[in-house]
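Participant: Structure below; questions to follow.
The values are calculated or read from the model by the stated rules, or taken from the named source; none is laboratory data. Computed from a predicted model, the values in this text were never measured in an experiment. Here the Cβ positions follow ideal geometry from the backbone for every residue, glycine too, while neighbour counts run over all protein chains shown.
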Number of protein chains: 2
Amino acid sequence: MDQLLQSDERVDRIISQNLDIIQSPSVFSFSLDAILLADFAQVPKHHKGKIIDLCAGNGVIGLILSQKTKSPIIGIELQKRLANMAERSIQMNHLEPQVSIINGAIGDAADWIKKDSVDVVTCNPPYFAATEKSTRNPNQHLAIARHELHTNLDEVMKVTSGLLKMNGKAYFVHRPDRLLEILETMKANRLAPKKLRFVYPKIGKEANTILIEGIKDGKDTGFRVLPPLIVYDDGNQYLPEVSAMLFGKEND
Amino acid sequence: MDQLLQSDERVDRIISQNLDIIQSPSVFSFSLDAILLADFAQVPKHHKGKIIDLCAGNGVIGLILSQKTKSPIIGIELQKRLANMAERSIQMNHLEPQVSIINGAIGDAADWIKKDSVDVVTCNPPYFAATEKSTRNPNQHLAIARHELHTNLDEVMKVTSGLLKMNGKAYFVHRPDRLLEILETMKANRLAPKKLRFVYPKIGKEANTILIEGIKDGKDTGFRVLPPLIVYDDGNQYLPEVSAMLFGKEND
(Lines give C-alpha, C1' and ligand atoms only; values in the text may rest on other atoms or scores of the structure.)
Protein backbone atom coordinates (compact mmCIF):
# COMPACT_ATOMS: atom_id res chain seq x y z
CA MET A 1 0.00 0.00 0.00
CA ASP A 2 2.87 2.33 0.78
CA GLN A 3 3.91 2.85 -2.83
CA LEU A 4 0.47 4.39 -3.34
CA LEU A 5 1.45 7.25 -1.07
CA GLN A 6 3.44 10.37 -1.78
CA SER A 7 5.98 11.46 0.78
CA ASP A 8 3.75 13.94 2.65
CA GLU A 9 0.77 11.59 2.76
CA ARG A 10 -0.56 9.22 5.37
CA VAL A 11 -3.52 6.87 5.57
CA ASP A 12 -6.11 7.64 8.21
CA ARG A 13 -8.89 5.30 9.16
CA ILE A 14 -12.53 6.28 9.61
CA ILE A 15 -13.21 3.58 12.13
CA SER A 16 -17.00 3.90 12.15
CA GLN A 17 -17.12 3.23 8.41
CA ASN A 18 -14.21 0.84 8.12
CA LEU A 19 -12.68 3.13 5.50
CA ASP A 20 -9.11 4.15 4.79
CA ILE A 21 -8.45 7.59 3.42
CA ILE A 22 -5.33 9.28 2.15
CA GLN A 23 -4.63 12.56 3.87
CA SER A 24 -1.88 15.12 3.70
CA PRO A 25 -1.27 17.94 6.14
CA SER A 26 0.40 19.92 3.37
CA VAL A 27 -2.51 19.78 0.91
CA PHE A 28 -5.71 18.56 2.54
CA SER A 29 -7.04 16.71 5.56
CA PHE A 30 -10.76 16.37 6.09
CA SER A 31 -12.33 18.02 9.11
CA LEU A 32 -15.09 16.95 11.46
CA ASP A 33 -17.43 19.07 9.31
CA ALA A 34 -17.15 16.60 6.44
CA ILE A 35 -18.09 13.76 8.78
CA LEU A 36 -21.05 15.77 10.09
CA LEU A 37 -22.25 16.53 6.55
CA ALA A 38 -21.98 12.90 5.43
CA ASP A 39 -24.00 11.91 8.50
CA PHE A 40 -26.60 14.65 7.92
CA ALA A 41 -27.18 13.91 4.23
CA GLN A 42 -30.07 11.59 3.46
CA VAL A 43 -29.42 9.44 0.42
CA PRO A 44 -31.60 6.78 -1.23
CA LYS A 45 -30.46 3.28 -0.20
CA HIS A 46 -31.12 1.76 -3.62
CA HIS A 47 -28.78 1.72 -6.64
CA LYS A 48 -30.90 3.81 -9.00
CA GLY A 49 -30.04 7.25 -7.68
CA LYS A 50 -27.32 9.69 -8.64
CA ILE A 51 -25.33 11.48 -5.98
CA ILE A 52 -22.88 14.31 -6.58
CA ASP A 53 -20.39 15.71 -4.06
CA LEU A 54 -19.17 19.17 -5.04
CA CYS A 55 -15.83 20.52 -3.76
CA ALA A 56 -14.97 16.93 -2.91
CA GLY A 57 -11.47 17.51 -1.53
CA ASN A 58 -9.85 14.14 -0.79
CA GLY A 59 -13.19 12.44 -1.36
CA VAL A 60 -14.10 11.80 2.25
CA ILE A 61 -17.83 12.57 1.88
CA GLY A 62 -18.30 10.31 -1.14
CA LEU A 63 -16.46 7.50 0.61
CA ILE A 64 -18.69 7.71 3.67
CA LEU A 65 -21.87 8.07 1.61
CA SER A 66 -20.99 4.84 -0.22
CA GLN A 67 -21.70 3.05 3.05
CA LYS A 68 -25.26 4.44 3.11
CA THR A 69 -26.34 3.81 -0.50
CA LYS A 70 -25.83 1.55 -3.48
CA SER A 71 -26.29 4.47 -5.90
CA PRO A 72 -23.30 5.84 -7.79
CA ILE A 73 -21.52 8.81 -6.25
CA ILE A 74 -19.44 11.26 -8.25
CA GLY A 75 -17.19 13.79 -6.58
CA ILE A 76 -16.04 16.94 -8.36
CA GLU A 77 -12.76 18.46 -7.21
CA LEU A 78 -10.90 21.35 -8.78
CA GLN A 79 -7.44 20.62 -7.40
CA LYS A 80 -5.65 17.91 -9.37
CA ARG A 81 -3.58 16.77 -6.42
CA LEU A 82 -6.67 16.32 -4.23
CA ALA A 83 -8.67 14.60 -6.95
CA ASN A 84 -5.75 12.21 -7.35
CA MET A 85 -5.67 11.49 -3.62
CA ALA A 86 -9.41 10.81 -3.71
CA GLU A 87 -9.00 8.44 -6.63
CA ARG A 88 -6.35 6.44 -4.81
CA SER A 89 -8.53 6.30 -1.68
CA ILE A 90 -11.43 4.97 -3.75
CA GLN A 91 -9.15 2.24 -5.13
CA MET A 92 -7.72 1.47 -1.71
CA ASN A 93 -11.24 0.82 -0.42
CA HIS A 94 -12.26 -1.09 -3.57
CA LEU A 95 -15.12 1.33 -4.12
CA GLU A 96 -14.73 1.82 -7.83
CA PRO A 97 -16.93 1.93 -9.84
CA GLN A 98 -19.58 3.10 -7.27
CA VAL A 99 -17.53 6.12 -6.30
CA SER A 100 -15.63 8.21 -8.83
CA ILE A 101 -13.95 11.59 -9.00
CA ILE A 102 -13.93 14.22 -11.70
CA ASN A 103 -11.04 16.65 -11.65
CA GLY A 104 -12.55 19.95 -12.71
CA ALA A 105 -14.36 23.14 -11.78
CA ILE A 106 -17.87 22.77 -10.37
CA GLY A 107 -18.96 25.45 -12.82
CA ASP A 108 -18.31 22.90 -15.58
CA ALA A 109 -20.35 20.16 -13.89
CA ALA A 110 -22.94 20.22 -16.67
CA ASP A 111 -20.21 19.12 -19.12
CA TRP A 112 -20.13 15.73 -17.39
CA ILE A 113 -23.44 15.38 -15.60
CA LYS A 114 -26.85 15.85 -17.13
CA LYS A 115 -28.81 18.78 -15.76
CA ASP A 116 -31.95 18.08 -13.70
CA SER A 117 -30.86 14.46 -13.22
CA VAL A 118 -29.35 14.23 -9.75
CA ASP A 119 -31.07 12.95 -6.60
CA VAL A 120 -28.71 14.33 -3.98
CA VAL A 121 -25.96 16.95 -4.02
CA THR A 122 -23.63 17.42 -1.06
CA CYS A 123 -21.10 20.19 -0.66
CA ASN A 124 -18.61 21.25 1.98
CA PRO A 125 -17.53 24.45 0.24
CA PRO A 126 -14.85 26.99 1.11
CA TYR A 127 -16.18 28.91 4.12
CA PHE A 128 -14.50 32.26 3.84
CA ALA A 129 -15.26 35.04 1.38
CA ALA A 130 -12.31 35.83 -0.86
CA THR A 131 -12.24 39.31 0.64
CA GLU A 132 -11.60 37.92 4.12
CA LYS A 133 -7.85 38.00 3.85
CA SER A 134 -6.91 37.89 7.49
CA THR A 135 -7.11 34.15 7.83
CA ARG A 136 -5.95 33.16 4.38
CA ASN A 137 -3.51 30.28 4.39
CA PRO A 138 -0.24 30.96 2.55
CA ASN A 139 -0.38 27.34 1.34
CA GLN A 140 -2.31 27.57 -1.93
CA HIS A 141 -3.87 24.10 -1.65
CA LEU A 142 -5.30 24.88 1.76
CA ALA A 143 -6.27 28.44 0.79
CA ILE A 144 -8.38 27.19 -2.13
CA ALA A 145 -10.21 24.76 0.14
CA ARG A 146 -10.91 27.40 2.77
CA HIS A 147 -11.41 30.64 0.82
CA GLU A 148 -13.73 31.38 -2.07
CA LEU A 149 -10.87 31.86 -4.49
CA HIS A 150 -12.22 29.67 -7.30
CA THR A 151 -15.91 29.39 -6.39
CA ASN A 152 -18.40 31.06 -4.10
CA LEU A 153 -21.85 30.56 -2.56
CA ASP A 154 -23.63 31.88 -5.63
CA GLU A 155 -21.93 29.38 -7.90
CA VAL A 156 -22.32 26.49 -5.45
CA MET A 157 -26.07 27.08 -5.26
CA LYS A 158 -26.47 27.66 -8.98
CA VAL A 159 -24.56 24.47 -9.88
CA THR A 160 -26.38 22.45 -7.21
CA SER A 161 -29.77 23.60 -8.41
CA GLY A 162 -28.87 22.99 -12.04
CA LEU A 163 -27.84 19.39 -11.36
CA LEU A 164 -30.75 18.42 -9.10
CA LYS A 165 -33.96 16.99 -10.43
CA MET A 166 -37.18 18.45 -9.11
CA ASN A 167 -37.51 17.56 -5.40
CA GLY A 168 -33.86 16.51 -5.37
CA LYS A 169 -32.08 17.26 -2.11
CA ALA A 170 -29.06 19.40 -1.38
CA TYR A 171 -26.95 19.23 1.77
CA PHE A 172 -24.44 21.85 2.85
CA VAL A 173 -22.17 22.41 5.80
CA HIS A 174 -21.07 25.96 6.50
CA ARG A 175 -20.49 28.62 9.13
CA PRO A 176 -23.27 30.35 11.08
CA ASP A 177 -22.00 33.84 10.26
CA ARG A 178 -22.98 33.20 6.63
CA LEU A 179 -26.40 31.73 7.37
CA LEU A 180 -28.37 34.70 6.05
CA GLU A 181 -26.44 34.75 2.79
CA ILE A 182 -26.82 30.98 2.42
CA LEU A 183 -30.58 31.14 2.87
CA GLU A 184 -30.90 33.99 0.39
CA THR A 185 -28.68 32.33 -2.20
CA MET A 186 -30.56 29.05 -1.86
CA LYS A 187 -33.87 30.78 -2.39
CA ALA A 188 -32.53 32.70 -5.39
CA ASN A 189 -31.59 29.32 -6.89
CA ARG A 190 -34.88 27.46 -6.35
CA LEU A 191 -33.56 25.53 -3.34
CA ALA A 192 -36.11 25.67 -0.52
CA PRO A 193 -34.39 25.36 2.89
CA LYS A 194 -36.09 22.56 4.76
CA LYS A 195 -33.95 21.46 7.68
CA LEU A 196 -31.35 23.31 9.63
CA ARG A 197 -29.15 21.79 12.29
CA PHE A 198 -26.81 23.79 14.46
CA VAL A 199 -23.59 22.32 15.74
CA TYR A 200 -22.37 23.65 19.07
CA PRO A 201 -18.86 22.75 20.26
CA LYS A 202 -20.17 22.57 23.84
CA ILE A 203 -23.50 23.14 25.54
CA GLY A 204 -22.74 26.71 26.63
CA LYS A 205 -21.01 27.79 23.41
CA GLU A 206 -22.22 29.55 20.28
CA ALA A 207 -22.83 27.42 17.19
CA ASN A 208 -19.72 27.16 15.00
CA THR A 209 -21.16 25.04 12.20
CA ILE A 210 -24.48 24.69 10.41
CA LEU A 211 -25.94 21.83 8.42
CA ILE A 212 -28.69 22.68 5.98
CA GLU A 213 -30.97 20.71 3.71
CA GLY A 214 -32.67 22.25 0.69
CA ILE A 215 -35.17 20.78 -1.75
CA LYS A 216 -35.20 21.91 -5.34
CA ASP A 217 -38.53 23.60 -6.09
CA GLY A 218 -39.72 22.57 -2.62
CA LYS A 219 -42.63 24.28 -0.92
CA ASP A 220 -42.09 27.16 1.47
CA THR A 221 -43.69 25.26 4.34
CA GLY A 222 -42.38 22.66 6.77
CA PHE A 223 -39.09 24.27 7.73
CA ARG A 224 -37.57 22.65 10.82
CA VAL A 225 -34.67 23.22 13.19
CA LEU A 226 -33.35 19.82 14.20
CA PRO A 227 -32.10 18.88 17.68
CA PRO A 228 -28.85 20.56 18.66
CA LEU A 229 -25.69 18.65 17.79
CA ILE A 230 -23.26 19.16 20.61
CA VAL A 231 -19.75 17.93 19.94
CA TYR A 232 -17.89 17.78 23.25
CA ASP A 233 -18.83 17.32 26.88
CA ASP A 234 -17.34 19.54 29.57
CA GLY A 235 -14.30 17.28 29.76
CA ASN A 236 -13.60 17.71 26.01
CA GLN A 237 -14.66 14.16 25.20
CA TYR A 238 -16.84 13.56 22.15
CA LEU A 239 -20.49 13.15 23.07
CA PRO A 240 -22.07 9.85 21.94
CA GLU A 241 -23.63 11.09 18.69
CA VAL A 242 -20.36 12.43 17.29
CA SER A 243 -18.36 9.58 18.74
CA ALA A 244 -20.60 7.14 16.85
CA MET A 245 -19.97 9.03 13.60
CA LEU A 246 -16.22 8.71 14.08
CA PHE A 247 -15.73 5.43 15.89
CA GLY A 248 -19.03 3.60 15.50
CA LYS A 249 -21.63 2.85 18.13
CA GLU A 250 -20.56 1.41 21.42
CA ASN A 251 -21.72 -2.12 22.01
CA ASP A 252 -23.00 -1.64 25.52
CA MET B 1 -56.07 43.59 46.19
CA ASP B 2 -58.96 41.27 45.46
CA GLN B 3 -61.33 43.99 44.34
CA LEU B 4 -58.83 44.73 41.57
CA LEU B 5 -59.61 41.37 40.04
CA GLN B 6 -62.43 40.26 37.79
CA SER B 7 -64.03 36.92 38.47
CA ASP B 8 -61.95 34.91 35.99
CA GLU B 9 -58.66 36.49 37.02
CA ARG B 10 -55.91 35.42 39.36
CA VAL B 11 -52.59 36.91 40.44
CA ASP B 12 -49.48 34.94 39.55
CA ARG B 13 -46.06 35.70 40.88
CA ILE B 14 -42.88 35.88 38.80
CA ILE B 15 -40.66 34.84 41.67
CA SER B 16 -37.34 35.70 40.02
CA GLN B 17 -38.47 39.31 39.53
CA ASN B 18 -40.58 39.73 42.62
CA LEU B 19 -43.48 40.77 40.40
CA ASP B 20 -47.21 40.10 40.60
CA ILE B 21 -49.16 39.81 37.40
CA ILE B 22 -52.84 39.49 36.67
CA GLN B 23 -53.68 36.53 34.49
CA SER B 24 -56.84 34.98 33.19
CA PRO B 25 -57.17 31.56 31.60
CA SER B 26 -60.19 32.84 29.66
CA VAL B 27 -58.47 35.84 28.04
CA PHE B 28 -54.68 35.68 28.41
CA SER B 29 -51.91 34.05 30.41
CA PHE B 30 -48.32 34.66 29.50
CA SER B 31 -46.20 31.76 28.32
CA LEU B 32 -42.59 30.80 28.92
CA ASP B 33 -41.82 32.48 25.59
CA ALA B 34 -42.51 35.92 27.09
CA ILE B 35 -40.08 35.18 29.91
CA LEU B 36 -37.45 34.02 27.42
CA LEU B 37 -37.87 37.16 25.32
CA ALA B 38 -37.62 39.48 28.33
CA ASP B 39 -34.44 37.66 29.32
CA PHE B 40 -33.01 37.79 25.78
CA ALA B 41 -33.66 41.50 25.20
CA GLN B 42 -30.77 43.80 26.00
CA VAL B 43 -31.94 47.15 27.30
CA PRO B 44 -29.93 50.19 28.40
CA LYS B 45 -29.71 50.32 32.21
CA HIS B 46 -30.00 54.12 32.37
CA HIS B 47 -33.19 56.20 32.43
CA LYS B 48 -32.69 58.05 29.14
CA GLY B 49 -33.83 55.32 26.75
CA LYS B 50 -37.22 54.56 25.31
CA ILE B 51 -38.47 51.00 25.18
CA ILE B 52 -41.60 49.80 23.38
CA ASP B 53 -43.24 46.41 23.76
CA LEU B 54 -45.57 45.62 20.86
CA CYS B 55 -48.42 43.12 21.24
CA ALA B 56 -47.99 43.54 24.98
CA GLY B 57 -50.76 41.18 26.12
CA ASN B 58 -51.10 41.40 29.89
CA GLY B 59 -47.89 43.43 30.02
CA VAL B 60 -45.57 40.70 31.29
CA ILE B 61 -42.57 41.68 29.14
CA GLY B 62 -42.69 45.35 30.12
CA LEU B 63 -43.00 44.40 33.78
CA ILE B 64 -39.91 42.18 33.64
CA LEU B 65 -37.91 44.69 31.59
CA SER B 66 -38.59 47.33 34.25
CA GLN B 67 -36.29 45.30 36.51
CA LYS B 68 -33.43 45.63 34.00
CA THR B 69 -33.64 49.34 33.15
CA LYS B 70 -34.62 52.72 34.50
CA SER B 71 -35.83 53.86 31.07
CA PRO B 72 -39.56 54.27 30.42
CA ILE B 73 -41.32 51.28 28.86
CA ILE B 74 -44.53 51.59 26.88
CA GLY B 75 -46.59 48.56 25.92
CA ILE B 76 -49.04 48.63 23.04
CA GLU B 77 -51.93 46.18 23.21
CA LEU B 78 -54.90 45.99 20.89
CA GLN B 79 -57.30 44.15 23.17
CA LYS B 80 -58.96 46.47 25.67
CA ARG B 81 -59.44 43.77 28.26
CA LEU B 82 -55.75 42.78 28.16
CA ALA B 83 -54.53 46.37 28.21
CA ASN B 84 -56.70 46.90 31.27
CA MET B 85 -55.21 43.85 32.98
CA ALA B 86 -51.74 45.14 32.20
CA GLU B 87 -52.58 48.54 33.63
CA ARG B 88 -53.78 47.02 36.89
CA SER B 89 -50.65 44.85 37.10
CA ILE B 90 -48.49 47.94 36.64
CA GLN B 91 -50.34 49.62 39.52
CA MET B 92 -50.17 46.51 41.66
CA ASN B 93 -46.37 46.53 41.33
CA HIS B 94 -46.15 50.33 41.77
CA LEU B 95 -44.37 50.63 38.44
CA GLU B 96 -46.25 53.63 37.11
CA PRO B 97 -45.04 55.91 35.63
CA GLN B 98 -42.03 53.89 34.36
CA VAL B 99 -44.25 51.33 32.69
CA SER B 100 -47.39 52.31 30.83
CA ILE B 101 -49.82 50.73 28.39
CA ILE B 102 -51.49 52.11 25.30
CA ASN B 103 -54.66 50.36 24.19
CA GLY B 104 -54.54 50.44 20.43
CA ALA B 105 -53.35 48.85 17.21
CA ILE B 106 -49.58 48.62 16.65
CA GLY B 107 -50.20 50.07 13.18
CA ASP B 108 -51.15 53.33 14.91
CA ALA B 109 -48.02 53.40 17.07
CA ALA B 110 -46.74 56.51 15.30
CA ASP B 111 -49.82 58.40 16.59
CA TRP B 112 -48.39 58.15 20.10
CA ILE B 113 -44.67 57.55 19.71
CA LYS B 114 -42.32 59.62 17.62
CA LYS B 115 -40.78 57.75 14.70
CA ASP B 116 -37.04 56.99 14.76
CA SER B 117 -36.93 57.69 18.49
CA VAL B 118 -36.95 54.30 20.21
CA ASP B 119 -33.92 52.44 21.61
CA VAL B 120 -35.42 48.99 21.97
CA VAL B 121 -38.56 47.32 20.63
CA THR B 122 -39.67 43.93 21.91
CA CYS B 123 -42.49 41.87 20.48
CA ASN B 124 -44.01 38.47 21.19
CA PRO B 125 -46.41 38.50 18.24
CA PRO B 126 -49.15 36.07 17.21
CA TYR B 127 -47.33 33.01 15.86
CA PHE B 128 -49.80 31.52 13.41
CA ALA B 129 -50.72 32.83 9.98
CA ALA B 130 -54.38 33.77 9.72
CA THR B 131 -54.77 31.08 7.08
CA GLU B 132 -53.72 28.34 9.52
CA LYS B 133 -57.19 27.60 10.75
CA SER B 134 -56.66 24.17 12.21
CA THR B 135 -55.41 25.35 15.55
CA ARG B 136 -57.48 28.51 15.86
CA ASN B 137 -58.90 28.98 19.31
CA PRO B 138 -62.70 29.51 19.38
CA ASN B 139 -62.12 32.01 22.21
CA GLN B 140 -61.65 35.32 20.39
CA HIS B 141 -59.27 36.80 22.98
CA LEU B 142 -56.92 33.84 22.72
CA ALA B 143 -57.30 33.58 18.94
CA ILE B 144 -56.19 37.20 18.47
CA ALA B 145 -53.10 36.58 20.61
CA ARG B 146 -52.18 33.40 18.73
CA HIS B 147 -53.24 34.02 15.14
CA GLU B 148 -52.41 36.90 12.83
CA LEU B 149 -55.99 38.14 12.74
CA HIS B 150 -55.25 41.81 13.41
CA THR B 151 -51.56 42.06 12.60
CA ASN B 152 -48.88 40.03 10.85
CA LEU B 153 -45.12 39.73 10.46
CA ASP B 154 -44.98 42.42 7.79
CA GLU B 155 -46.71 44.94 9.99
CA VAL B 156 -44.74 43.97 13.10
CA MET B 157 -41.45 44.54 11.26
CA LYS B 158 -42.63 47.72 9.56
CA VAL B 159 -43.85 49.27 12.83
CA THR B 160 -40.73 48.14 14.71
CA SER B 161 -38.43 49.62 12.12
CA GLY B 162 -40.42 52.85 11.96
CA LEU B 163 -40.18 53.37 15.72
CA LEU B 164 -36.51 52.48 16.16
CA LYS B 165 -33.75 55.04 15.90
CA MET B 166 -30.74 54.12 13.78
CA ASN B 167 -28.88 51.26 15.50
CA GLY B 168 -31.85 50.70 17.77
CA LYS B 169 -32.44 47.08 18.67
CA ALA B 170 -35.42 44.84 18.07
CA TYR B 171 -36.11 41.57 19.87
CA PHE B 172 -38.62 38.98 18.77
CA VAL B 173 -39.71 35.55 19.93
CA HIS B 174 -41.32 33.28 17.38
CA ARG B 175 -41.55 29.77 15.96
CA PRO B 176 -38.77 28.09 13.95
CA ASP B 177 -41.10 27.16 11.08
CA ARG B 178 -41.40 30.87 10.29
CA LEU B 179 -37.69 31.66 10.54
CA LEU B 180 -37.16 32.18 6.82
CA GLU B 181 -40.11 34.55 6.57
CA ILE B 182 -38.94 36.44 9.66
CA LEU B 183 -35.44 36.93 8.28
CA GLU B 184 -36.79 38.13 4.94
CA THR B 185 -39.30 40.48 6.50
CA MET B 186 -36.67 41.93 8.81
CA LYS B 187 -34.34 42.58 5.92
CA ALA B 188 -37.13 44.16 3.87
CA ASN B 189 -37.68 46.54 6.79
CA ARG B 190 -34.06 47.62 7.40
CA LEU B 191 -33.66 45.35 10.44
CA ALA B 192 -30.36 43.45 10.18
CA PRO B 193 -30.58 40.12 12.02
CA LYS B 194 -27.64 39.96 14.43
CA LYS B 195 -28.23 37.25 16.99
CA LEU B 196 -30.31 34.15 16.85
CA ARG B 197 -30.90 31.81 19.73
CA PHE B 198 -32.71 28.52 19.41
CA VAL B 199 -34.76 27.13 22.27
CA TYR B 200 -34.95 23.35 22.45
CA PRO B 201 -37.43 21.74 24.88
CA LYS B 202 -34.90 18.97 25.57
CA ILE B 203 -31.45 18.09 24.32
CA GLY B 204 -32.64 15.55 21.72
CA LYS B 205 -35.65 17.56 20.50
CA GLU B 206 -36.14 19.98 17.62
CA ALA B 207 -36.19 23.68 18.43
CA ASN B 208 -39.71 24.94 19.17
CA THR B 209 -38.90 28.60 19.75
CA ILE B 210 -36.50 31.18 18.34
CA LEU B 211 -35.22 34.41 19.79
CA ILE B 212 -33.88 36.96 17.37
CA GLU B 213 -32.17 40.32 17.64
CA GLY B 214 -32.15 42.82 14.80
CA ILE B 215 -30.43 46.18 14.52
CA LYS B 216 -32.00 48.96 12.48
CA ASP B 217 -29.73 49.81 9.55
CA GLY B 218 -27.13 47.44 11.01
CA LYS B 219 -24.32 46.01 8.90
CA ASP B 220 -24.65 42.63 7.22
CA THR B 221 -21.69 41.22 9.12
CA GLY B 222 -21.32 39.75 12.58
CA PHE B 223 -24.32 37.42 12.62
CA ARG B 224 -24.13 34.93 15.50
CA VAL B 225 -25.99 31.87 16.70
CA LEU B 226 -25.94 31.94 20.49
CA PRO B 227 -25.54 28.90 22.75
CA PRO B 228 -28.53 26.55 22.72
CA LEU B 229 -31.19 27.27 25.31
CA ILE B 230 -32.46 23.93 26.56
CA VAL B 231 -35.54 24.11 28.75
CA TYR B 232 -35.96 20.75 30.49
CA ASP B 233 -33.66 17.96 31.56
CA ASP B 234 -34.57 14.34 30.88
CA GLY B 235 -36.65 14.26 34.07
CA ASN B 236 -38.76 17.23 32.88
CA GLN B 237 -37.20 19.60 35.41
CA TYR B 238 -36.23 23.07 34.30
CA LEU B 239 -32.53 23.35 33.58
CA PRO B 240 -30.69 26.03 35.62
CA GLU B 241 -30.80 28.85 33.05
CA VAL B 242 -34.58 28.74 32.66
CA SER B 243 -35.13 28.02 36.31
CA ALA B 244 -33.21 31.21 37.12
CA MET B 245 -35.45 33.22 34.78
CA LEU B 246 -38.54 31.96 36.56
CA PHE B 247 -37.48 31.48 40.15
CA GLY B 248 -34.22 33.37 40.47
CA LYS B 249 -30.74 32.01 40.92
CA GLU B 250 -30.09 29.37 43.53
CA ASN B 251 -27.92 30.54 46.39
CA ASP B 252 -25.59 27.57 46.45
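Participant: So, in segment A:128-149, exactly how many residues are assigned to a loop (DSSP other than H, G, I, E, B) and either of a type in the set (Gly, Ala, Ser) or out of contact with any helix residue (DSSP H, G or I) (no Cβ under 6 Å at 6 or more places or on another chain) (or both)?
Facilitator: Total meeting the criteria: 11.
Participant: In segment A:181-195, which residues are within 22 Å of residue A:117 (Cβ to Cβ) and either facing another protein chain (nearest Cβ under 8 Å) or part of a loop (DSSP other than H, G, I, E, B) (or both)?
Facilitator: A:189, A:190
Participant: Follow-up question, since we're still on this one. Among (1) out of contact with any helix residue (DSSP H, G or I) (no Cβ under 9 Å at 6 or more places or on another chain); (2) more than 21 Å from residue B:151 (Cα to Cα), there is one condition residue B:66 misses while meeting the rest; what is its number?
Facilitator: With respect to (1) out of contact with any helix residue (DSSP H, G or I) (no Cβ under 9 Å at 6 or more places or on another chain); (2) more than 21 Å from residue B:151 (Cα to Cα), residue B:66 is out only on (1).
Participant: Is it true that residue A:165 is modelled with pLDDT of 95 or more, closer than 24 Å to residue A:229 by Cα and touching a strand residue (DSSP E or B) at 6+ places or on another chain (Cβ under 8 Å)?
Facilitator: Taking the combined requirement at face value, the residue does not satisfy it.
Participant: Of these, A:198, A:172, which one is over 21 Å from residue A:77 (Cβ atoms), crowded, with 21+ Cβ neighbours inside 10 Å and either aromatic (Phe, Trp, Tyr) or away from chain B (no Cβ under 12 Å) (or both)?
Facilitator: Exactly one of A:198, A:172 is over 21 Å from residue A:77 (Cβ atoms), crowded, with 21+ Cβ neighbours inside 10 Å and either aromatic (Phe, Trp, Tyr) or away from chain B (no Cβ under 12 Å) (or both), namely A:198.
Participant: Among the residues of segment A:145-174, write down those that are within 18 Å of residue A:36 (Cα to Cα) and touching an Asp or Glu at 6+ places or on another chain (Cβ under 9 Å).
Facilitator: Hits for segment A:145-174 are A:169, A:170, A:171, A:172, A:173, A:174.
Participant: Would you pick out the residues in segment B:101-155 that are basic (Lys, Arg) and under 29 Å from residue B:66 (Cβ atoms)?
Facilitator: Result: B:114, B:115, B:146.
Participant: If residue A:221 satisfies all but one of (1) modelled with pLDDT of 95 or more; (2) within 21 Å of residue B:196 (Cα to Cα), what's the number of the condition it fails?
Facilitator: Answer for residue A:221: the failing condition is (1).
Participant: Looking only at residues that are in a helix (DSSP H, G or I) and of a type in the set (D, E, K, R) in segment B:64-102, which one is farthest from residue B:21 (Cα to Cα)?
Facilitator: Among those residues, the one meeting the criterion is B:80.
Participant: Still on this structure: Any chance you could count how many residues in segment A:221-252 are assigned to a loop (DSSP other than H, G, I, E, B) and among the hydroxyl-bearing types (Ser, Thr, Tyr)?
Facilitator: 1
Participant: Take residue B:95 and tell me if it is surrounded by 20 or more Cβ atoms within 10 Å (Cβ to Cβ) and touching a Gly at 6+ places or on another chain (Cβ under 9 Å).
Facilitator: No: the conditions fail for residue B:95.
Participant: Determine, yes or no, whether residue A:156 is in contact with a helix residue (DSSP H, G or I) (Cβ under 9 Å, 6 or more places away or on another chain) and under 14 Å from residue A:54 (Cα atoms).
Facilitator: yes
Participant: Does residue B:52 satisfy the criteria of being assigned to a strand (DSSP E or B), within 17 Å of the chain's Cα centre (by Cα) and crowded, with 17+ Cβ neighbours inside 10 Å?
Facilitator: Taking the combined requirement at face value, the residue satisfies it.
Participant: While we're looking at this one, here's another question. Here is a list of conditions, (1) more than 12 Å from chain A (Cβ to nearest Cβ); (2) surrounded by 18 or more Cβ atoms within 10 Å (Cβ to Cβ), and residue B:237 meets all of them except one; can you say which number that is?
Facilitator: (2)
Participant: If you don't mind, another one. Sort out which residues of segment B:203-226 are of a type in the set (Lys, Arg) and either away from chain A (no Cβ under 11 Å) or surrounded by 15 or more Cβ atoms within 10 Å (Cβ to Cβ) (or both), and write them in order of number.
Facilitator: B:216, B:219, B:224 - these are the residues of segment B:203-226 that are of a type in the set (Lys, Arg) and either away from chain A (no Cβ under 11 Å) or surrounded by 15 or more Cβ atoms within 10 Å (Cβ to Cβ) (or both).
Participant: Still on this structure: Are any residues in segment A:129-162 crowded, with 20+ Cβ neighbours inside 10 Å and at pLDDT below 95, and if so, which ones?
Facilitator: A:144, A:145, A:147, A:151 - these are the residues of segment A:129-162 that are crowded, with 20+ Cβ neighbours inside 10 Å and at pLDDT below 95.
Participant: May I pose another question? Give the residue, chosen from B:90, B:113, that is touching a residue at least 40 places away in the same chain (Cβ under 8 Å) and either buried (at least 17 other Cβ atoms within 10 Å of the Cβ) or in contact with a strand residue (DSSP E or B) (Cβ under 9 Å, 6 or more places away or on another chain) (or both).
Facilitator: On inspection, the qualifying residue turns out to be B:113.
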